[in-house]
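Here is the structure we will look at, set down as structure tokens.
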Amino acid sequence: MKFAIIKERKNPPDRRVVFPPKLCKEVVAQFPELEFAVESSDIRFFNDNAYATAGFSPVDDITDCDVMFGVKEVPVEALIPNKKYFFFSHTIKKAAYNRKLLQAVLAKNIELYDHETITKASGSRLIGFGRYAGIVGAYNGFIAYGKKYNLWNMPKAEHLSSLDEMKQELDKLSLPNIKICLTGNGKVAHGSKEILDHLNVKQVSVEAYLTQEFDEAVYCRLDILDYNKRKDGQELDKYDFYANANEYDSDFMRFAKSTDYFIAGHFYDNKAPYLFTREDCKSEDFNIKVVADVSCDIDGPVACTIRPSTIADPIYGYNPETESEIDFMDDKAIVVMAVDNLPCELPKDASEGFGELFLEHVIPAFFNNDKDGVLERAKMTTSDGELAERYAYLQDYVDGKE
């Protein structure tokens, strides 16, 4: 079986890769029956020479490969028929802008395995860049806070060579006694927590966060039942929330009253209530000054996130009174950092972390008859141009009916 590391062709350019050179060597060492081809690229962080030095001289033609590994969406014209492809297709939630991509995948009899669909039997994801989204998001939030209050001037993450160098920059900070709120309990939130813990920000309980003042920076990490409450007043477990999110109201404003810097690291279900609304932002009790919206759901649960920002221009201001964008240095502004491709800013570390997970959880499935069902669950389309049964719900989306 021959695998290919494909060139990333989406704009803006993405410098990440599924397998860096060192990991390519590890994969082949563990599975000698496997071959690797590396498509030549002048974009990725690990250049052609790095792969050649590792024993994988880049090539221009990968049509003899069976399985194609990429990160971002592959342009329709670059898809090779009758192959297996792994990349983030952003189609499982029926994103309208990628309908033509899924249609082309089916027309070309391609087996598509979206990285988001690589899961355990329980449904939890096995691989992803979430940790690095959380890391870079929290770091960018501190950049925004420093700019807003003229406290420090940190370099962008994209200008740093590694996570270690990022942490060296964080070591230079002297934080004021601010309160930081972090939502989420997954890989994204864990990544943001990693930054807060590196800064030795003290973690405090919900009760302490809401009722006490501190002479140092502190943070509180919230799970879903901390900021959501049942409409009927019952106190049930999180599984009830998962099953009946529409029966809940947001209880986040009690935290907004105490928070200076908010990091949104949670997963948002469309059936759940918004954390805070545009009306909430206008309240005198709304104290949040800086938002790092790592989840980046536009016009959604974090009302001040009205558009994604970019790596080149990561910060904008939101005026609660006019519900519109404003200079982030304006006194009225809530500062918003909502970059929607944060891991791209740490391409080396993000690629290495992703590749390690891919080697652990996915590659073995090609050689053990997929005994854990990883590939079966992840396969969105079949080689005969049909949606896999698990993803049949996408047929109306493919047909343009929704």
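Before moving on, here are some points about what is shown:
- Estimated inter-spin distance, D64 and L225, nm [label 7 Å along Cα→Cβ]: 5.9
- Angle between the chain longest axis and helix 347-361 axis [Cα atoms, degrees, rounded to 10]: 60
- The angle between the Cα long axis of helix 21-30 and the longest principal axis of the Cα atoms of the chain comes to about 60 degrees, rounded to the nearest 10.
- Added length on full extension, which subtracts the Cα-Cα distance from 0.36 nm per residue, S40 to K257: 72.9 nm
- Label-point gap, in nm, between Q30 and R278 - each point 7 angstrom along Cα→Cβ: 4.9
- Cα shape, the chain, gyration tensor, a/c 1.5 rule: prolate
- Positive-pole candidate from I288, L210, G265, dipole of region 130-345, charges at beta carbon: G265
- Candidate lysines for bridging to K25, where Cα separation is under 21 Å - those fewer than 8 sequence places away on the same chain excluded: K2, K7, K348
- Gained length - N177 relative to D197, 0.36 nm times residue gap less alpha-carbon distance: 5.7 nm
- Sparse-neighbourhood loop sites, chymotrypsin sites (Phe, Trp or Tyr not before Pro) in region 301-402 - DSSP loop, at most 13 other Cβ within 10 angstrom: F367
- The GluC sites (Glu not before Pro) of region 252-336 meeting both criteria, a DSSP state outside H, G, I, E and B (loop) and at most 13 other C-beta atoms within 10 angstrom of the site's C-beta, are E284, E321.
- Crossing angle, helix 130-148 versus the chain [Cα axis fit, 0-90 degrees, rounded to tens]: 40
- Extension gain, N369-E165: 0.36 nm per intervening residue step, less the Cα-Cα distance, totals 69.3 nm.
- Remark on Q203: its backbone amide H falls under 5 Å from those of Y219, a criterion applied only to residues 5 or more positions apart or on other chains, H modelled at 1.01 Å from N.
Where a number appears in this text, it was derived from the coordinates with a stated rule and is not lab data. All of these numbers come straight from a predicted model, not from anything done at the bench. Don't worry about glycine lacking a Cβ; one is built from the backbone with ideal geometry, like all the others, and counts go over all protein chains shown.
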